[in-house]
2 protein chains.
Amino acid sequence: MRAYLAGPEVFLPNAREILDRKIALARSYGFTPVSPGDLVVPETETRRERGLAISAINEKLMSSADLIIANLTPFRGIAADVGTAFELGFMCARGCPAFAFSNCTENHFERVSGLYNGDVRLGPDGRHRGPDGMALENFDMADNLMLDGGIAARDGIIITRQVAANQLFLDLTAFEECLRIAAGKLLKQATSAECAAH
Amino acid sequence: MRAYLAGPEVFLPNAREILDRKIALARSYGFTPVSPGDLVVPETETRRERGLAISAINEKLMSSADLIIANLTPFRGIAADVGTAFELGFMCARGCPAFAFSNCTENHFERVSGLYNGDVRLGPDGRHRGPDGMALENFDMADNLMLDGGIAARDGIIITRQVAANQLFLDLTAFEECLRIAAGKLLKQATSAECAAH
């Protein structure tokens with residue numbers, strides 16, 4: 001089974017090294033990994049065309065994959081990388097099994113509360129709101145309910161683990177736990193576990 | 001054509017009012033709008049089950065829709081709402097036309113540079129990086145390349161507009177421009193414009 005390895009590791013200074021470690025780990029659990037950056041980006045005239053070319057490659061790789069393992073560790077803020085969220089939605093729509101990990105154990109509600117410095121109040125409508133009036137989801141979920149819900153609906157799981165701050169995008173323990181669980185669920189019954197939509 | 005209206009407006013204190021304004025505008029341009037919150041959430045035992053039930057409703061609404069119009073205005077940080085990003089990826093995988101708007105004209109590169117207080121350097125590998133070593137996408141795009149790329153690949157467009165800070169999630173001018181363009185592209189040729197995957 002081909003596993004699409006989504007996550008913000010592509011932005012790391014040592015991206016290639018970390019992607020290669022993820023690829024080797026995925027292989028050791030019996031998966032055929034595909035990850036952003038596997039294909040060569042053609043020469044383009046403009047920066048925008050280069051961005052579009054990379055997007056097209058990643059969509060092609062996803063369309064060739066049977067499952068996704070997404071790194072939802074909060075990136076440059078309180079939520080998962082939006083590119084990774086897009087890819088998770090893409091693979092969920094294809095009916096593929098979806099798994100995720102995060103190197104942060106604070107849940108979505110706790111992180112948004114932190115953004116508001118704890119100034120969160122329960123309103124008469126039963127929803128918690130920040131001082132800007134915006135509601136906080138309080139569903140015991142790692143991130144926005146579409147992400148957690150999409151994974152749960154496809155019999156997946158989100159593994160969370162607290163790591164040292166300087167290991168936030170380097171520690172692959174939770175990723176490996178994801179691989180172990182995904183292999184247990186999918187590789188014994190590979191033929192029946194292909195994307196439901198295909 | 002059924003248009004799924006994605007965006008973080010569901011978190012507003014006056015969410016119902018704004019969603020109703022979006023629904024009325026979408027109808028006035030000839031679309032049949034569906035939006036998160038249209039269906040009643042069944043009673044559940046736990047908070048997590050409630051979140052999962054809302055996710056299942058939103059996925060069902062998306063699966064009934066023919067296109068998406070996503071609000072990518074940065075939400076609680078420098079990027080689009082991750083739930084909206086998931087939904088955009090979901091609809092792109094279904095082969096549906098995708099349109100978006102943002103009430104922020106700063107592009108992705110400018111917003112991430114701002115997060116780093118401008119401390120961004122061009123490295124020997126040709127990529128801009130922040131002091132944490134993380135690369136910044138510099139593709140003249142509104143957000144992460146998967147979002148802009150997914151929309152462009154489906155003949156869509158992102159309309160951006162600067163609005164007053166207190167109107168960030170209330171001003172519907174860019175949304176209406178999106179509707180006008182989507183109607184021009186899709187409603188004259190509705191039968192041929194259904195989701196490619198269906």
Study note, to complete from the structure: A student applying the Cα gyration tensor rule (rounded when a/c is under 1.5; otherwise prolate if a/b is larger than b/c, oblate if not) would label region B:44-100 oblate
Review point. Against the longest principal axis of chain A, how steep is helix A:47-63, in degrees 0 to 90 to the nearest 10, with axes from Cα atoms?
Key: 80
Check your understanding: So what is the relative contact order of chain A, in percent, for Cα pairs below 8 Å that sit 6 or more residues apart?
Key -> 23
Check your understanding: Can you list the cysteines of chain A that have no other Cys Cβ under 4.7 Å away?
Key -> A:Cys92, A:Cys104, A:Cys178
Check your understanding: If we hang a label 7 Å off Cα along the beta carbon direction at A:Asp125, how far is it from the matching labels on the other copies, in nm, shortest first?
Key -> 4.5
Check your understanding: Relative contact order for region A:43-147 using alpha-carbon pairs under 8 Å, separation at least 6, rounded to a whole percent?
Key -> 21
Practice item. Enter the buried accessible area of the A/B pair, total of both sides, probe 1.4 Å, in Å² rounded to the nearest 100. Key: 4600
Review point. What accessible area per residue comes out for region B:1-42, rounded to a whole number of Å², with a 1.4 Å probe?
Key: 41
Revision key, fill the gap. Using alpha carbon centers only, region A:166-188 is separated from region B:139-170 by a whole-angstrom value of 33
Check your understanding: At a 1.4 Å probe, what is the % contribution of carbon and sulfur to the accessible area of region B:66-179?
Key -> 50
Practice item. Specify whether the C-alpha gyration tensor of chain B places it in the rounded, prolate or oblate class, a ≥ b ≥ c being the square roots of the eigenvalues: rounded for a/c under 1.5, otherwise prolate if a/b is larger than b/c and oblate if not. Key: prolate
Review point. Taking N as the number of residues in the protein assembly as shown, what value does Rg over Cα atoms divided by 2.2 N^0.38 Å take?
Key: 0.93
Revision key, fill the gap. Per GNM of chain B with C-alpha springs under 10 angstrom, the most fluctuating residue out of B:Ala24, B:Ala174, B:Ala165 is B:Ala165
Point to revise | Helix A:173-186 axis, angle to chain A major axis (alpha carbon atoms, nearest 10°) | key: 70
**Study point:** Per-residue [θ]222 nm for chain A (sum of -39500 (n - 2.57) over DSSP H runs n ≥ 4, rounded to 500)
**Key:** -11500 deg cm²/dmol
Revision key, fill the gap. Classified through the alpha carbon gyration tensor (a ≥ b ≥ c as square roots of its eigenvalues; rounded if a/c is under 1.5, else prolate when a/b is larger than b/c, else oblate), region A:113-171 comes out oblate
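Using DSSP loop states and a limit of at most 16 other Cβ atoms within 10 Å to flag trypsin sites (Lys or Arg not before Pro), what is the longest stretch of chain B containing no flagged site?
The longest such stretch corresponds to B:1-126.
Taking GluC sites (Glu not before Pro) that fall in a DSSP loop and have at most 12 other Cβ atoms within 10 Å as cut points, what is the longest piece of chain B between them?
B:46-198
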Exercise for review: Whole Å is fine, so just give me how far the alpha carbon centre of region A:106-124 lies from that of region B:20-69.
Suggested key: 24
**Study point:** Cβ-derived FRET efficiency at R0 25 Å, A:Leu115 paired with B:Thr105, nearest 0.05
**Key:** 0.60
Exercise for review: Report, in degrees rounded to the nearest 10, the 0 to 90 angle that the Cα long axis of helix A:82-93 makes with the longest principal axis of chain A.
Suggested key: 70
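The values are calculated or read from the model by the stated rules, or taken from the named source; none is laboratory data. Fair warning: this is a prediction, and the values are worked out from it, not measured in the lab. Because the Cβ atoms are built from the backbone with ideal geometry, glycine has one as well, and the counts that use them run over all protein chains shown. To get the accessible areas, we keep the full protein, side chains included, count just its heavy atoms, and leave off ligands, DNA and RNA. Shrake-Rupley method; radii C 1.70, N 1.55, O 1.52, S 1.80 Å.
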